[in-house]
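The values are calculated or read from the model by the stated rules, or taken from the named source; none is laboratory data. Quantities reported herein were computed from a predicted structural model and do not represent experimental measurements. Reconstructed Cβ throughout: ideal geometry from the backbone, glycine too, with neighbour counts over all protein chains shown. For the accessible areas, the whole protein counts, side chains as well, though only heavy atoms, and no ligand, DNA or RNA atoms are used. Shrake-Rupley method; radii C 1.70, N 1.55, O 1.52, S 1.80 Å.
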Amino acid sequence: MDNVLLLADKNSPSWDFAEKIRNYIQTKKIVPVSLEEVCINFFRNKELDIHISKNVRGRDVYFIHDSSKNPQEWWVELLLLKDLLLSASAESVTYVLPDMLYARQDRKHKPHVPISARVFAKSISPGLKRLITVDLHAPQIQGFYPENVPVDSLDSFPEVVRYLQENKKDLDNLEELVIVSPDVGGAKRARALAKKLRSNYPIALIDKTRSQPGQIEEMRLIGEVKDKNILVADDIFDSCGTSCDASKLLRNEGAKKILAYGTHGLFTKGTEQICECYDRVMVSNTHYVKDGNVEIIDLSSLFGEAIYRAQKKLSISELFE
């Protein structure tokens, strides 16, 4: 992988994530790989000013972006950096997006709204070789990208399972556990996690009726949770209001300990509320949460393995079989 160049913004938390990816490749695969800095500054009128001092001619570049940035800056940085790299004769450009933003509006949920995920795909696809992300909010978004730009949506659950097995914390060896999806759309995610943990774990669903985005009109439980330990598996923790409503519903139905895992911890209203509602709250490090009450599951090795396999033309799907 001498031709590979990892890039990241040294002044953002993504640099630490990128260093962990490089260390994984170098220590686990015994392959040297370079990590270089992208200098991202602003003109006085707040326009972005991006520069790379390293020669990228003929290199396979993997840019590891910071998904906790302002979404608008995050998007424009991707557009400008791709132009920079292609103009500087990089052999290929792959974007590593720990959380692919603008993925929550993947269809028209009402008249006269954009399909933001499609717009994003159209804007960054030209000239791009590949996208690597994890737990994409809506898997069908991959269909917005042309055939020559594959989107690898990694599955975080193998790392979640490993973490739970190493950090059981009085869960009685993970017995009497029910995997709960906070909505019907997440049923496939819940089944995948149950299968990874142990094939006979039951799942339950919470059917939600929304009055408008972020507001729940009615919730009802489908499945049995009485006297069971619960793991609520979601992809995003945003304001966490509906997550807390789900916890109350589960407790009213007789659940014992209730754990929550969300891949992308946005926590736009902080973590205090959700930490009060659940016995344990776990998120990955796709966003850079600093809260002692939230447990962080490191996914850098997962991304490191995916980058290695993509570069070596090995199967990425085998990671999740």
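Determine whether T271 is open to solvent by less than 50 Å² (accessible area, probe 1.4 Å) and under 18 Å from V289 (Cα atoms).
Yes; evaluated as a whole, the condition is true for this residue.
Say we look at segment 125-164 and pick out the residues that are of a type outside the set (S, T, Y), assigned to a loop (DSSP other than H, G, I, E, B) and open to solvent by less than 30 Å² (accessible area, probe 1.4 Å); which of these is modelled with the lowest pLDDT?
The qualifying residue modelled with the lowest pLDDT is A138.
Go through segment 269-291 and count every residue that is under 19 Å from the mean Cα position of the chain (by Cα), in a strand (DSSP E or B) and not β-branched (V, I, T).
Here the count works out to 2.
Only residues that are open to solvent by 30 Å² or more (accessible area, probe 1.4 Å) and out of contact with any Ser or Thr (no Cβ under 7 Å at 6 or more places or on another chain): list them for segment 2-26, please.
Residues satisfying the conditions are D2, N3, K10, N11, W15, D16, E19, R22, N23, Q26.
Quick one: how many residues across segment 202-225 are open to solvent by less than 10 Å² (accessible area, probe 1.4 Å), out of contact with any Pro (no Cβ under 6 Å at 6 or more places or on another chain) and either in a strand (DSSP E or B) or modelled with pLDDT under 90 (or both)?
Of the residues in segment 202-225, 1 are open to solvent by less than 10 Å² (accessible area, probe 1.4 Å), out of contact with any Pro (no Cβ under 6 Å at 6 or more places or on another chain) and either in a strand (DSSP E or B) or modelled with pLDDT under 90 (or both).
Please work out which residue is farthest from G304 (Cα to Cα), limiting yourself to segment 27-41 and to residues that are open to solvent by 70 Å² or more (accessible area, probe 1.4 Å) and outside any loop (DSSP other than H, G, I, E, B).
Residue satisfying both the conditions and the ranking: N41.
Let's see how each residue does on (1) closer than 17 Å to L205 by Cα; (2) in contact with a helix residue (DSSP H, G or I) (Cβ under 6 Å, 6 or more places away or on another chain); (3) not in a strand (DSSP E or B):
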{"site": "D227", "(1), (2), (3)": "yes, no, yes"}
{"site": "L231", "(1), (2), (3)": "yes, no, no"}
{"site": "T242", "(1), (2), (3)": "yes, no, yes"}
{"site": "L250", "(1), (2), (3)": "yes, no, yes"}
{"site": "A255", "(1), (2), (3)": "yes, no, yes"}
{"site": "A260", "(1), (2), (3)": "yes, no, no"}
{"site": "T263", "(1), (2), (3)": "no, no, no"}
{"site": "F267", "(1), (2), (3)": "no, no, yes"}
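For segment 295-320, name all the residues that are of a type in the set (A, V, I, L, M) and either part of a loop (DSSP other than H, G, I, E, B) or modelled with pLDDT of 95 or more (or both).
Listed by number, the residues that qualify are I296, I297, L299, L302, A306, I307, A310, L314, I316.
Is it the case that T263 is under 19 Å from the mean Cα position of the chain (by Cα), touching a residue at least 12 places away in the same chain (Cβ under 8 Å) and under 20 Å from V178 (Cβ atoms)?
Judged against the criteria, T263 is a match.
Does K69 fit the bill of being basic (K, R), part of a loop (DSSP other than H, G, I, E, B) and touching a strand residue (DSSP E or B) at 6+ places or on another chain (Cβ under 8 Å)?
When the stated conditions are applied, K69 does not pass them.
On the given criteria, is V113 at pLDDT below 95, open to solvent by less than 10 Å² (accessible area, probe 1.4 Å) and not in a strand (DSSP E or B)?
Judged against the criteria, V113 is not a match.
Going by the conditions given, is E91 in contact (Cβ under 8 Å) with a residue 24 or more places away in the chain and in contact with a Leu (Cβ under 8 Å, 6 or more places away or on another chain)?
no
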